[in-house]
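Asks: Here's a structure for you.
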């Protein structure tokens, strides 16, 4: 199957975002209300939670809701407060040697359920580039202050009250300049399920943050993360995605005195980091690399290399072919988020 990736450059929310919303909304609406309309929070709850935890992006939220037509359903979904549960793979790491700093990650998911859109925006003070998700969130990205961040599923099936992680990533890049500022913000924002965030800034200060619903954020000096936290909580997922093996590989690579940045990057295109398990919902869809000191983003496939930057960002499309596609055979349990 051939899948389209595209890049969109729109400083402020406008016609481009509106067109994209109109294309994607039927699918997102079906997903967001898949457990029933009453399973999702009411509009005022969503609005009040945004005001409480992320007031800086409230004006953008209101602009997007207006562009989306102002319906109750769209306003609730765009808030990303207590969305349905979702699961993925992913490997991520920070390289910082010999005056070279970058964040690299593999995004492992099903092609049918990813947006495949690289966005460049300037909604407030900071320019942001990254991979879009949930219409205005990001699964990985960087701002022009030199802060880069990516997410990986944390390997737990428990849910709680909080925001979807793509919006949290967007918020961090919209409001923070350094890793320290990002950590301070993450300690205050509730996340509705377990996720691992790896963050690095232009000074090379890097951390991994474990987020879990109804628990305090755990801040680590680790330069790599996959799909578990302190211990394996969902063994079937861990075995299927080889989360332990991938993390061991990353840690050993980063510690090896013989490792080079070129070989480290190339390793993301090979097992155990690279996965072709698209049918089971966690094949490697792309590799992204962010160089925060240069403002450069690289999107890498085995047969293509796409370069974008704050200085030179181009709107175009790329066709990527994946094999072994089909309905996921990884039986993911239906989970009702717990009340906090």
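Throughout, read-outs are computed from the coordinates displayed, never taken from laboratory work. Quick caveat, the model's predicted, so the values are computed rather than measured. All Cβ positions, even for glycine, are placed from backbone atoms using ideal geometry, and neighbour counts span all protein chains on display.
Asks: Given an 8 Å cut-off on Cα distances and at least 6 residues of separation, report the relative contact order of the chain as a percent.
Replies: Relative contact order comes out at 22 percent.
Asks: Another question, if that's okay. Rounded to the nearest Å, what's the spacing between the alpha carbon centres of the range 214-228 and the range 35-68? Just the number, please.
Replies: Centre-to-centre distance over Cα atoms comes out at 27 Å.
Asks: Which of 252, 12, 127 ends up with the largest GNM mean-square fluctuation for the chain, with Cα atoms connected below 10 Å?
Replies: Highest fluctuation of the listed residues: 252.
Asks: Mind jotting down the distance between the C-alpha centroids of the range 162-209 and the range 253-294, whole Å?
Replies: Distance between centres, Cα-based: 21 Å.
Asks: Here is a follow-up. Report Rg/Rh for the range 2-79, rounded to two decimals, where Rg is the Cα radius of gyration and Rh the Kirkwood radius.
Replies: 1.00
Asks: Can you show me the helix-derived [θ] at 222 nm for the chain, built from DSSP H runs with n ≥ 4 at -39,500 (n - 2.57) apiece and divided by the number of residues, rounded to the nearest 500.
Replies: Counting only the DSSP helices, I get -8000 deg cm²/dmol.
Asks: If I compute mean projected area of the Cα convex hull in nm² from the structure I just sent, which labelled value in (1) 20.3; (2) 15.3; (3) 19.4 lines up?
Replies: Here the calculated entry is (2).
Asks: Length gain on complete extension for the stretch residue 248 to residue 8, per 0.36 nm per residue less the alpha carbon to alpha carbon distance?
Replies: In short, 82.8 nm is gained.
Asks: Still on this structure, please answer the following. Sorting 150, 253, 34 on the 10 Å Cβ count, fewest up front, what's the list?
Replies: Least to most surrounded, the residues fall as 34, 253, 150.
Asks: To make sure I understand, if each residue's beta carbon is the centre and we count other beta carbons within 10 Å, what order do 201, 312 fall in, fewest to most?
Replies: Ordered by Cβ neighbours within 10 Å, fewest first: 312, 201.
Asks: I would also like to ask the following. Based on the mean of other Cβ atoms within 10 Å per residue, sort peptides 160-168, 113-121, 80-88 so the most packed one is first.
Replies: Top of the packing list down: 160-168, 80-88, 113-121.
Asks: State whether the range 182-279 is rounded, prolate or oblate according to the following rule on the C-alpha gyration tensor (a ≥ b ≥ c being the square roots of its eigenvalues): a/c under 1.5 gives rounded; otherwise a/b larger than b/c gives prolate, and the remaining case gives oblate.
Replies: oblate
Asks: Could I have the simple spin-label model distance between residue 34 and residue 236, label points 7 Å from Cα toward Cβ, reported in nm to one decimal?
Replies: Each label point is offset 7 Å from its Cα along the Cβ direction, giving 1.6 nm.
Asks: With springs connecting C-alpha atoms under 10 Å apart, model the chain as a Gaussian network and identify which of 187, 29, 231 has the largest mean-square fluctuation.
Replies: Sorting by GNM fluctuation, first place goes to 231.
Asks: Further question on the same structure: Apply 1/(1 + (r/R0)^6) to the Cβ-Cβ distance of residue 16 and residue 180, taking R0 = 22 Å, and write down the FRET efficiency to the nearest 0.05.
Replies: For residue 16 and residue 180, the calculated efficiency is 0.05.
Asks: Follow-up question, since we're still on this one. Stretch residue 56-residue 261 to full length: gain in nm at 0.36 nm per residue minus the Cα-Cα span?
Replies: Extra length available between residue 56 and residue 261 comes to 70.1 nm.
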